[in-house]
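These notes concern the structure reproduced below.
The values are calculated or read from the model by the stated rules, or taken from the named source; none is laboratory data. These numbers come from a predicted model, not from an experiment. Here the Cβ is made from the backbone with ideal geometry for all residues, glycine too, and neighbour counts use every protein chain on show. These accessible areas exclude ligands, DNA and RNA; they are computed on the full protein's heavy atoms, side chains included. Shrake-Rupley method; radii C 1.70, N 1.55, O 1.52, S 1.80 Å.
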Amino acid sequence: MAPPETAAPAVRLDGITKRFGDVVANDGVDFTLERGTVHALLGENGSGKTTLMSVLYGLYDQDAGTIAIDGQPRAFDSPRDAMDAGVGMIHQHFQLVEPMTVLQNVILGHEPTENGLVDEAAARDDVEAICSRYDFDVDRYLDTPVRELDLGARQRVEIVKSLYRGAEILVLDEPTAVLTPQEADRLFDVMDELTASGRSLVFITHKLDEALTAADEITVLRDGAAVGTVAAADATERELARLMVGREVLFDRERRETAPGEPLLAVEDLRVRGDRGLERVREVGFTVREREILGVAGVQGNGQTELVEALAGLRPVASGAIRFRGEDVTGLSRRERIEAGIAYVPEDRQTEGLVQDYDLVHNALLGNHTIEPYARRGFVDWAAVREHAEEIVREYDVQPPTPDAEAASLSGGNQQKFIAGREIEHDPDVMVAAHPTRGVDVGSIEFIHDRLLALRDAGLAIVLVSSKLEEIRTLSDRIAVMYEGEFVDTVDPDAVTDEELGLLMAGRDRGEDPTDARRGEAEVEPDRADGPDGGGRA
Amino acid sequence: MTDPDAGGGRRLDRAADRMLGASAVQRLLIATASTVLALVVGLVVVAAAGYDPATFLVNVFEGSFGDATAVAQTLRSTTLFVLTGVAVAVAFRAGVFNIGVQGQFVVGGFATVVSILWLAPLAPENAVGGAALLVCGALAAVVAGGLYGALPGVLKAYADANEIITTIMLNFIAIGVVGWLVDGPFRGEGQRAPNTARIPEHVGLPRLVFDVPDFSVVGLAVALVAVGAIAVVMERTRLGYDMITSGHQEAAAAFSGVDAKRTIVATMTLSGMVAGVAGAVFAVMIQGYYSDPSGIGTYGFDAIAVSLLAANNPLGVVPAGLLFGGLDAAGRHIGIYSDVPVQLIDGVVGLVVLFVAAPELFRMAARRTGLGGEDR
Amino acid sequence: MSVADYAARNRVRIGAAVGLLAGAALLAALLDLPVAAIVTVGFVERTLQAATPIALAAVGGLYAEKSGVFNIGLEGFMIFGAANAGAVAWLSGGGSPTQLDLWVGILAAVLLSLAYGAIFAALTIRYEADQIVAGLAVWFVGLGFGPFTAVVLWGNRNSPRLASVADLTVPVLSELPVVGPVLFDTSPLVALAALAVGISWVVLYRTRYGYWLRAAGENPEALDTAGVSVARVRYGAVIFSAAMAGLAGAVLLAHAGSFTGTGDTMVNGRGWIGIVAYLFGNYNPIGAGAAAVLFGGLDMLQIQFQTAGIEVPNRLVNLFPYAAVVVVLTVWGSTRMPAAVGEPYESEE
């Protein structure tokens, strides 16, 4: 499908307004995507970027405003309509069917058939043609089930899928969130190739530097409204940040001098197996002292989950030892570790940290239900629990400020503040925090960061696992980089660049020539980087 | 990372969400609407099959609340529905689908009769001896029902065997094995039908208030005490909190330091124990011996409807049990005084369950007719 | 997925099934059982006949679950199928049904099951009914209205003798030893079921509808964003599963020749066994068919024991299939379910 030769922009959105109940997600947004360019949509989480593009893609109906594609007014009732008009979207959560093969995923919904049967041979030819045109490696693993692919490869499958469906306009929703810096660079090259062939891209991101690197134009959204559109060539990070947040932003948090004390948590030669019996943590050893935060950086799925679960007592240890104040606690159960003073802010607050359909009173008992005064001789003292819940809600600024709210009704940030509060109120000595600010609003992030620093200053030893480099860098006293189950290096946050961290996270030496790394990365076999254990379900 | 167990857990969770997510008033409305709608469908079927629905309705009321005997008949069935209903509610509330209450009920009742028959020669033949035998019989039922419930619990927790299917299979097995036992090894001397011997006359529940052979208010009292005890366990104790948390969100239970697998076994055991008590009451109060369980009535299945109607709340089981007790008594009355096939009542019970399963049906209907609920 | 792939991926399962048979043979040798009297040509024939309804129900249930709806009501749909087939055959034949009336009854049972399936699908998909509770309800409704139909028509929970389906005898071929009577002189419904299993496999793995079905159960959003309606795919699968279960019930009746409505009715757990058959077959129609044969054989052992003169109480031998189900579930319980089963999907529009 060749683009019609007109001067009209690829996409033109005029005054798009979208409400969810009382919440205005998009407020009269104008947006123009010129043909053959990349236009970044920049904004904080919740600023309305994804909603705007979902309107374009036919997932939502706008309450007001118009959409024009190639100058023609359009209204899409469904993604199918949008697709037929040449609009494709790469979602943040990949829309792939894990047990089906790459080829089957690419052609899903658009299968060529012969005599009623799917003609995979014909489909294969078409997909290989697309791959060779854009120099994608996807054709090398067309018969591999998607669940065996790493995230970077899955993303390329998604792009090929859109191209197969004839997309001229591609929306990429936070495409770099799951990638290493090197994989992200590779993606930007792909984006260049796509625009060179006349395709037009919308690049949704909240990362300033990426928008500046990859886009031709940048539109900033704040609280659902477009607050400015600038040419990337003329923009600066400071200017964009001011537009995004609505005030001046300090980029460098001042580092505090700290004096770590006695070792509290020590791990020796730890080996932990994943859900499918594969070794996911390999001979990891470290020590965390009083008044110290150890940051664990790494691309998701490199064994961090198994490591924190082993520390928290939720996953058995294959070999090695965990010592707490010098005593071996490897054999202690989760309950015994809670009582010993090891607190845990879990990776998945939705399924682990909170029972979604309990109110906050019932959630305040979670993990406390063997501890007086909340429980005595097997009976629960709900009055005491309620008091505790009220205290957490008050102290940790949980909104809405009532313990009768159902956990599911709270925003991510408030859920996380509640969990953090509950765990801190155990009065622990060691805190294991996994992704404490994932999917949390800006205000709550600051709040949680301040609490973590305050805990450290109060003498706790903290293990912080996060895939946000910025978070790890600002909070940690030391950074350990985890790759394929190993701590490949432990570095000083003040003496390392993002580039170097990225190389470590990709399993390279940090002194390695990045171009070599790039080439190496391109040849990653589909089932290697993440392993069959990653991402899949049992 | 997705927890591999989360799939099943979350599935149950959503099931519970939809059943329990409704407010109390909504639940009551849904329960009422389900029952009424099911009865209406039943009446339509009655009419379509060529019977007079009005006469049928009159028969239903006469059979359930028409006179003292009818009330006694209703309360007799209510007693069993409340007990079996609580057994189901314990499990469902904790997110475990124990469909095996019927089997646990059968095993418990049989254990009661056998233990009383075995111990009777050792106890004095008076009221004290009778009471002691009753207690022993009840204990035997609790142990047998609990163990028979624990088995699928263990299979679910440690071998991931779907408890819905294992409990249904164990129902078939319990009925088959006990049926064989009462026909062969345990057949009472001189019994023409495949029945055990009768338990001695002095072992039985006293006839108070109602002078009918197969109902005693003591049985009803046992049921109500069980309701109270279970309600306290579920709402006020650590065990109850652990059970409900494990059922709602296994990962959250594990996070709180609870062994979710052991808790699932505990839930099934407790559920089976209550079902065992129901079996004991049935054996002592109604039968006085044990017969082929394929013909004793499906209290353990109907209990599923009772529990769902009560939104799996132990206290709600009492009114729901009363409703089903009335329907059951009416069914027996109809079997005698009317030519409408009593199987209709079973079908209506099934319809009640079907409608209770789909609260959204009523919510949408309410929205359509503007009776309430918010528009989407 | 080809048959070879399936065999390669399920080596353990297939190995276990072979091991089970070997174990049974060993046990028979140790106990000095008259194997020749147990494993007869008649036994193989009866086994296939007993496997037929289980296989049909299993294939139906498999489709529904693959699409994301756990149709736990198979047992109930089977009861309806049996009762309706019997009733229509009886009415059509004016009390003495012929072969034609029987086939009319089977067809009518399937058509009625389509209608019931549509209602069930609407409740579970449109009205987001809890699939497990709604499925149980179908069973209860079947247990009530199946026998109700019988009492209305025949004044008894059991029907009088109706008609059982005549064997289809292929000339010449049926004279072959062993293969002849098993394959060429048997109920045509056995062949029908075998055909249904084969076609189901082709549809599931070789047609676009099969792709959509699998996607609907694994990641409905992916299918939705590919522009295919998840609801429509699921409606199709659920209605198909009800029709297959209805056919399974009708087949059961056509083989038995009369309706039994006492106890748990003549279906007596076969729908539940159908669910286990497809779990054991790892959601593959051919695997499910093979598992159905295994359960069918267990079901028919009782007759063999009797004719071989082995003294085991019938009532206990009858429990073999149920016990086998528990064992199978215990050993293979952790079968990977489609990821989105049980979750209503709402397209975001």
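Our summary of shape: the Cα atoms of region A:156-233 have principal axis extents of 35, 26, 24 Å, ordered from largest down, in whole angstrom. Put simply, the C-alpha atoms of the protein assembly as shown give a gyration tensor, and the ellipsoid matching it has half-axes of 56, 38, 30 Å, longest first.
Across B:Val96, B:Val281, B:Val212, mean-square fluctuation computed from a Gaussian network of chain B (C-alpha pairs under 10 Å connected) peaks at B:Val212. A simple packing score, the average count of other Cβ atoms within 10 Å per residue, orders the peptides B:110-120, A:323-333 as B:110-120, A:323-333, with the highest score first. Indicate the gyration tensor shape class of region C:56-111 (rounded, prolate or oblate), computed on the Cα atoms with a ≥ b ≥ c the square roots of the eigenvalues: a/c under 1.5 is rounded; otherwise a/b larger than b/c is prolate and the rest oblate. Prolate. Among the helices of chain B, those built from whole DSSP H runs whose Cα atoms reach 24 Å or more along their own axis and whose mean Kyte-Doolittle hydropathy is at least -1.0 are B:24-48, B:68-93, B:101-119, B:127-159, B:163-183, B:217-236, B:260-281, B:317-337.
Charging the Cβ of each Asp and Glu at -1 and of each Lys and Arg at +1, and nothing else, the dipole of region A:11-245 about its Cα centre rounds to 440 debye. When each of the peptides B:219-232, A:47-60 is scored by how many other beta carbons lie within 10 Å of its residues on average, the order from highest to lowest is A:47-60, B:219-232. Across chain A, the volume of the C-alpha convex hull divided among the residues equals 166 Å³ per residue.
Given the C-alpha centroids of region A:426-485 and region A:80-96, what is the distance between them in whole angstrom? Using only Cα atoms, the two centres lie 36 Å from each other.
Could you state how much accessible area is buried at the C-B interface, both sides summed, with a 1.4 Å probe, in Å² to the nearest 100? Before the final figure, lay out the partial values.
Numbers: alone 16040 and 17680 Å², together 29150 Å².
Buried area (both sides, nearest 100 Å²): 4600 Å².
Between the beta carbons of B:Val44 and C:Val202, assuming R0 = 45 Å, the FRET efficiency works out to 0.60 to the nearest 0.05. For region A:410-502, the Kirkwood estimate of hydrodynamic radius, built from reciprocal distances between every pair of different alpha carbons, is 14.1 Å. The alpha carbon radius of gyration of chain C, expressed as a multiple of 2.2 N^0.38 Å, is 1.00. Based on Cα contacts under 8 Å between residues 6+ apart, chain A shows a relative contact order of 15 percent. Working ranking of peptides C:242-252, C:109-119, A:108-118 by packing, defined as the average number of other Cβ atoms within 10 Å per residue, highest first, is C:242-252, C:109-119, A:108-118. Compare the Cα positions of A:Leu332, A:Asn26, A:His362 along the charge dipole of chain A (+1 at Cβ of Lys, Arg; -1 at Cβ of Asp, Glu; about the Cα centre) and return the one farthest towards the positive end. Most positive-ward Cα: A:His362.
Remark on region A:56-81: accessible area falls by at least 30 square angstrom from chain-alone to full-complex state for A:Leu59, A:Tyr60, A:Pro79, A:Arg80, probe 1.4 angstrom.
Counting pairs of Cα atoms in region A:11-245, how many percent are more than 33 Å apart? Distances greater than 33 Å cover 17 percent of the Cα pairs.
List the lysines whose Cα sits under 30 Å from the Cα of A:Lys417, skipping any in the same chain fewer than 8 residues away. Partners found: A:Lys18, A:Lys49, A:Lys207, A:Lys468, B:Lys261.
When only alpha carbons are used to place a centre, region A:278-320 and region C:79-118 end up 64 Å from one another. Note on A:Glu283/B:Ala159: beta-carbon distance plugged into 1/(1 + (r/R0)^6) with R0 of 41 Å gives a FRET efficiency of 0.80.
Suppose a student asked you for the relative contact order of region B:175-329, using Cα pairs under 8 Å spaced at least 6 residues apart; what percent would you report? Write out the running numbers ahead of the final one.
Values: 143 pairs, mean separation 43.5, N = 155.
Relative CO of region B:175-329 lands at 28 percent.
The simple spin-label model puts a point 7 Å past each Cα toward its Cβ; for A:Ser132 and B:Leu122 those points are separated by 8.8 nm.
Helix content alone sets the calculated 222 nm mean residue ellipticity of chain A: runs of n ≥ 4 DSSP H residues at -39500 (n - 2.57) each, divided across all residues, give -9000 deg cm²/dmol.
The mean number of partner chain beta-carbon atoms within 10 angstrom of a residue's beta-carbon across peptide A:310-317 is 1.
Once whole DSSP H runs in chain C are found, which of them have Cα atoms spread over 20 Å or more along the helix axis and a mean Kyte-Doolittle score of at least 0.5?
C:11-30, C:41-66, C:74-92, C:99-121, C:131-154, C:188-206, C:230-256, C:285-307
To put it simply, the accessible area of chain B at a 1.4 Å probe is 65 percent carbon and sulfur.
Inter-chain Cβ neighbour count for C:315-322, averaged per residue, equals 5 (cutoff 10 Å, partner chain atoms only). Centre-to-centre separation between the Cα atoms of region B:252-298 and those of region A:169-240: 61 Å. With the convex hull constructed from alpha-carbon coordinates only, region A:48-185 shows a mean projected area of 9.6 nm² over all directions.
Simple point charges give the picture: +1 on the Cβ of Lys and Arg, -1 on the Cβ of Asp and Glu, and for chain A a dipole about the Cα centre of about 940 debye.
Start at zero, step by 5 Å, and the Cα-Cα distances of region C:208-334 spread as 2, 9, 14, 17, 17, 15, 10, 7, 4, 3, 1, 1, 0 percent across the bins. Distance between the 7 Å Cα→Cβ label points at B:Arg236 and A:Ser409: 2.7 nm.
How high is the relative contact order of chain C, in percent, counting Cα pairs under 8 Å that sit 6 or more residues apart?
Working: 599 pairs, mean separation 117.2, N = 349.
Relative CO of chain C lands at 34 percent.
The GNM of chain B, with springs linking C-alpha atoms under 10 angstrom apart, assigns the highest mean-square fluctuation among B:Ser256, B:Ser64, B:Ser271 to B:Ser256.
Accessible area per residue for chain B, computed on protein heavy atoms with a 1.4 Å probe, is 37 Å². Counting Cα-Cα pairs of region B:6-368 in 10 Å increments starting at 0 gives whole-percent bin shares of 6, 24, 32, 25, 11, 2, 0.
Only DSSP H runs of four or more residues enter the estimate; each adds -39500 (n - 2.57), and after division by the residues of chain C the mean residue ellipticity at 222 nm equals -22500 deg cm²/dmol.
Here the Kirkwood formula puts the hydrodynamic radius of region A:354-426 at 11.9 Å, using every distinct Cα pair.
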